[in-house]
Amino acid sequence: MTPLLAIGLSVLLHASWNLLTRRTPVEANFLWWIVGLYVLAFAPFTLPDFIRAAEQTPVLYFCAAISGTANGIYFIALRSAYHLAPASTVYPMVRSSPLFIAIIETLFFGHSFPLLSWGAIVVAASGLWLIATSSHDGVTRLSRAWPYAMFAALMTVVYSMSDKVAASNMEGLNSALGYVCVNYASGVSI
């Protein structure tokens, strides 16, 4: 599988699970099916590379466990939010997580961002929140889904920070895709 084909397939799977998860009953567990399909599609080609990388840098196993757990919880929270409010209100709220990532990076890890970066992050998050609250019905329904959406956003922070550590310890697309397979497989087990 070529890198371009792998990226294209990943994008297709990501868009598909979002569209289909929003429209299927909770009992169908569609999200778990699409994550399982991702693992089945990529693991045979990429898992050996990840295992070799993790044998050289064992922190990758730890990162995969943290990210996998956070992803599993993220999927559960997102699915719960989707069933309480429209996706057009939930998903923008969840995807405002870069604001939380920047705050945590600054407060706990001493990372500093230029003022222009803070401005861009705040403008982007504000825009997403405006999209999430743009319809009157969406605001009413978002009030019930808000805790799940925010919890999903916080899980995005956890797996993003863990993935940042993992990315700095990996080389090559195959080991990175293998990492995602391990991550998703452990997330599905939640």
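Looking only at the range 155-174, decide whether some residue is of a type in the set (Val, Ile, Thr), free of Cβ contacts under 8 Å to residues at least 40 places away in the same chain and surrounded by fewer than 19 Cβ atoms within 10 Å (Cβ to Cβ).
Taking the range 155-174 as the starting set, the residues that turn out to be of a type in the set (Val, Ile, Thr) are 156-158, 165.
Still in the running and free of Cβ contacts under 8 Å to residues at least 40 places away in the same chain: none.
No.
ILE51 meets each of the listed conditions (1) touching a Cys at 6+ places or on another chain (Cβ under 6 Å); (2) at pLDDT 85 or above apart from (1). For the range 130-167, a residue qualifies if it is modelled with pLDDT under 90 and hydroxyl-bearing (Ser, Thr, Tyr), and the qualifying residues are THR133, SER134, SER135, THR140, SER143. Of the residues in the range 104-112, at least one is closer than 26 Å to VAL182 by Cα and within 20 Å of the chain's Cα centre (by Cα). All of ALA85, ALA64 fail the test of being in contact (Cβ under 8 Å) with a residue 24 or more places away in the chain and either closer than 19 Å to ALA185 by Cβ or part of a helix (DSSP H, G or I) (or both), apart from ALA64. Restricting the first member to the range 104-129 and to residues that are under 23 Å from MET150 (Cβ atoms), and the second to residues that are assigned to a helix (DSSP H, G or I) and not hydrophobic (A, V, I, L, M, F, W, C), the beta-carbon pairs closer than 8 Å and six or more apart or on different chains are HIS111/GLU105; PHE113/GLU105; PHE113/THR106; ILE121/PRO98; ALA124/PRO98; ALA125/PRO98; LEU128/PRO92; TRP129/PRO92.
The values are calculated or read from the model by the stated rules, or taken from the named source; none is laboratory data. What you are looking at is a predicted structure, and each value in this text was computed from that prediction instead of being measured. Cβ sites come from the backbone with ideal geometry, for glycine too, and all protein chains shown count toward neighbours.
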